[in-house]
Each structure stands twice: as C-alpha cells, then as structure tokens.
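The values are calculated or read from the model by the stated rules, or taken from the named source; none is laboratory data. Note that the structure is predicted; figures quoted are calculated from it, not measured. Cβ placement follows ideal geometry from the backbone for every residue including glycine, while neighbour counts extend to all protein chains displayed. Areas reflect the complete protein model, heavy atoms only, side chains present, ligands, DNA and RNA absent. Shrake-Rupley method; radii C 1.70, N 1.55, O 1.52, S 1.80 Å.
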Amino acid sequence: MMKAAMLTAPGRIEIREVPDKPLRADTDVRIRIDFGGICGSDLHYFRTGRIGEQVVAGPLVVGHECTGTVLETGKAVTAVRPGERVAVEPAVSCGRCDQCRTGRPNTCRRVQFMGCPGQLDGALVENIVMPETNCLPLPPELSSGTAVFSEPVSIALYAWRFLKGLDIRTVGILGAGPIGLAVLMAARERAGVRALVTDPLDARLSAAKALGADWTAGPQETDVPDAPEEFDAVFECCGREEAIARAARLLKPGGHLVIVGIPETEFFRIDLHGLRRDEITLYNVRRQNGCLEEAIGLCTRRRKEIDGLITHSFPLDAAQQAFDLAEGYRDGVIKSVIRMQG
Ligand SMILES: [Zn+2]
Ligand SMILES: [Zn+2]
C-alpha cells in the first residue's frame with residue numbers, strides 16, 4: 001500500500017492508503033513521485049467537484065503535474081532507466097484513433113488523463129505507473145522541484161504554436177497565474193514581442209514585471225500608461241467571461257484570441273458580433289501536444305525565474321493546507337508544490 005492525497009468531498013483532501021499498481025505492459029515504467037504541482041484545474045475539482053462534464057463521483061487521487069525518479073521498467077522500455085529523473089506527461093493517448101493518427105493525441109478519442117475522474121489516478125501518490133512515452137528525462141542542471149513547472153510551460157508553448165508564422169509584435173495576457181506567466185516567459189523567448197499582463201492580484205503583477213512584462217494592469221483598468229491601444233494577439237489565461245470581453249476590446253481587427261483558461265462557468269456570453277466584425281480568429285487550446293521536451297528546455301534556461309514562481313511547498317501530509325492556500329490565493333501564492341519525499 002502507499003499514501004495518496006485524495007479529494008473526498010468538495011474542499012476536502014484526505015491522505016489515504018491506496019494499493020500499489022502493477023506494470024501492465026512491457027513498455028510501462030514505475031516512477032517514484034518526487035514533486036507534484038497544484039494546478040488551476042485541480043482547484044476546479046477541489047472547489048466544485050467538476051470541470052464541465054467531468055464530475056468527481058468518489059474519492060479521487062488528485063494532481064497531474066509531477067516529476068519523479070524511475071524505480072522499475074518493463075522489459076521493452078528503452079527511453080529511461082531506473083534511477084533516472086523524469087517529468088511526466090499526464091495524458092495517455094491511445095495511438096490508434098483518427099486523432100492520434102493525424103498528430104492530435106491531445107484530442108485523442110480515448111485519452112486518459114491523470115487526476116481526472118474516471119480516467120487515471122492523479123500524481124499526488126507515492127508511485128505511479130505510466131507508459132515510457134510519457135516519461136521525459138530531466139537534465140542534471142534542472143532540479144525535480146523546478147521541473148514541475150514544465151507541464152504548465154508545455155501548455156504555454158503549445159498555445160503560442162497556434163500563432164506560428166504570424167507577425168505578432170504585441171500580446172495581451174489576461175491572468176497572471178502559472179499559465180499566464182508561462183505564456184509570458186514564452187513571449188520573452190521571442191525577440192521583439194511586447195506584452196501587457198493583467199491580473200487582480202498585485203503579487204502576480206509583480207511576478208509578471210519581474211519576468212519582463214512591458215506593461216501590467218488590473219483586469220478592469222483601461223488606459224494603461226504607454227501601452228498600445230490595440231494588440232496583435234491576446235491569450236485568455238483566467239477562464240473568466242469578462243476576460244473574453246476585454247480581449248475583444250484589446251485586439252486589433254484581424255487579431256488572434258487564444259483561449260487557454262478553463263471557463264469558470266458552463267456558459268459564457270460573448271460578443272460574437274464584435275468578434276465577427278473585426279474578424280478575430282479564436283483558438284481553443286486543449287492542454288498541449290508534444291511540447292513537454294521544449295518546455296523542459298525552457299525551464300532549464302529560466303530555472304532561476306521559475307524558482308521565483310514556486311512560492312510554496314508542502315509535505316504530502318499537508319496537502320489540505322496546500323490546496324486551501326492555492327484556492328484562497330493567499331500569501332502571494334503562485335505555484336504551490338507537494339514534496340512527496342517529505
Ligand atoms: Zn496543470
Ligand atoms: Zn487516440
């Protein structure tokens with residue numbers, strides 16, 4: 001048996017014993033989890049017990065951002081060796097459906113995601129078993145604690161990929177949580193791109209400034225000094241209805257709206273006429289597709305900056321406190337991680 005952090009009711013995390021899992025295939029890898037991150041989507045389940053149609057029906061091992069150490073490998077595994085440190089891609093795709101066969105494993109018809117009800121157990125457990133293709137080795141310079149941030153960074157890099165080949169000079173980033181800040185870091189990797197970041201929390205705007213945001217503002221604040229009136233692209237990174245409206249106001253005609261945030265409510269009212277008149281292109285970002293390796297590279301180059309974003313860490317036994325803190329946006333929290341090894 002091993003210990004796991006389980007969501008047992010909205011707002012309640014309990015540490016319970018769960019059975020060890022066997023390796024199911026020759027290509028499976030057993031990983032000892034070293035660090036697990038708490039993500040906005042975990043907080044959705046924590047707060048409301050659901051994301052859209054995915055509803056938590058019974059106790060759920062939570063979490064999907066994790067790094068660990070390989071303990072055991074199936075006979076056919078060649079990608080990793082026991083003792084190696086890895087980041088884990090939390091989505092297991094089938095490899096056979098039309099989506100997988102056309103290079104879209106992130107919209108796989110049978111995708112199984114860690115810490116999603118009815119799919120895979122989450123990351124906040126002592127050991128997990130994953131296919132070797134979900135395990136990416138970490139370079140020696142990148143600590144396992146810092147590397148937890150590679151999962152949100154992979155989503156940011158994937159969001160940017162929708163704008164590939166376009167002449168993007170100015171971007172708005174609405175929401176400065178870990179995803180918004182990761183989108184900002186990805187912007188910093190592109191020469192000549194200038195970024196406005198908005199968020200209601202001063203601590204997060206300070207973090208955005210420290211990462212090199214050109215302008216920061218509150219979500220309602222208009223007339224940001226020296227900022228352009230119109231932007232080439234806006235990344236919605238907070239899942240709020242007002243943010244879509246603000247994005248529409250910030251974008252120039254022909255602009256690009258990239259929706260990364262998970263909507264807080266089931267339906268949004270959006271000004272489709274405004275978006276239509278200005279011929280705004282909308283992109284929906286479903287997690288990420290093949291960007292984890294590049295994300296590990298970015299995390300390695302920017303590891304000092306990322307360490308500044310990992311504001312809190314807790315042992316597994318204090319998982320409830322970690323979730324309460326993240327849920328309450330208290331104490332300047334940006335990314336909170338669980339140290340699985342104490
Ligand atoms: Zn996440
Ligand atoms: Zn598939």
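Would you point out which residue out of GLY255, GLY308 is surrounded by fewer than 20 Cβ atoms within 10 Å (Cβ to Cβ) and modelled with pLDDT of 95 or more?
Just a single option satisfies the conditions, and that option is GLY308.
Based on what the data block shows, is GLY115 more than 19 Å from ALA295 (Cα to Cα), away from ligand 1 (no atom under 16 Å from the Cβ) and not hydroxyl-bearing (Ser, Thr, Tyr)?
no
Among residues belonging to region 326-342 that are in a strand (DSSP E or B) and open to solvent by less than 20 Å² (accessible area, probe 1.4 Å), point out the one that is nearest to MET185 (Cα to Cα).
Restricting attention to region 326-342, the residues satisfying the condition of being in a strand (DSSP E or B) are 335-339.
Narrowing the set further to residues that are open to solvent by less than 20 Å² (accessible area, probe 1.4 Å) leaves 335-338.
Numbers: LYS335: 15, SER336: 18, VAL337: 20, ILE338: 23 Å.
Among those that are in a strand (DSSP E or B) and open to solvent by less than 20 Å² (accessible area, probe 1.4 Å), it is LYS335.
Those residues that are farther than 20 Å from VAL80 by Cα and more than 16 Å from ligand 2 (Cβ to nearest atom), I need them from region 115-145; list them, please.
Hits for region 115-145 are GLY115, PRO117, GLY118, ASP121, GLY122, LEU124, VAL125.
Going residue by residue through region 79-95, is there one that turns out to be assigned to a loop (DSSP other than H, G, I, E, B) and within 16 Å of ligand 1 (Cβ to nearest atom)?
yes
Looking at VAL92 and the list (1) under 21 Å from GLN320 (Cβ atoms); (2) under 17 Å from the mean Cα position of the chain (by Cα), which single condition is not satisfied?
The number of the failed condition is (1).
Out of the residues in region 1-25 that are open to solvent by 80 Å² or more (accessible area, probe 1.4 Å) and of a type in the set (D, E, K, R), which is farthest from LEU60 (Cα to Cα)?
Taking the candidates together, the pick is ARG24.
So which of PHE314, PHE323, PHE268 ends up being aromatic (Phe, Trp, Tyr) and open to solvent by less than 30 Å² (accessible area, probe 1.4 Å)?
Within the list PHE314, PHE323, PHE268, the selection yields PHE323.
Testing GLY103 on (1) within 16 Å of ligand 1 (Cβ to nearest atom); (2) surrounded by fewer than 17 Cβ atoms within 10 Å (Cβ to Cβ); (3) not hydrophobic (A, V, I, L, M, F, W, C), one condition comes back false. Which one is that?
It fails just one condition, (1).
Among the listed residues SER143, SER150, SER93, identify the single one that is open to solvent by 10 Å² or more (accessible area, probe 1.4 Å), closer than 22 Å to MET185 by Cβ and of a type in the set (Ser, Thr, Tyr).
SER143
Report yes if ILE31 is open to solvent by less than 10 Å² (accessible area, probe 1.4 Å), of a type in the set (A, V, I, L, M) and away from ligand 2 (no atom under 16 Å from the Cβ), otherwise no.
Criteria met by ILE31.
Any residue in region 86-99 that is farther than 27 Å from ASN127 by Cβ sitting within a Cβ distance under 9 Å of a residue that is more than 6 Å from ligand 2 (Cβ to nearest atom) and charged (D, E, K, R)? List the pairs, counting only those 6 or more apart or interchain.
Pairs found: ASP98/ARG104.
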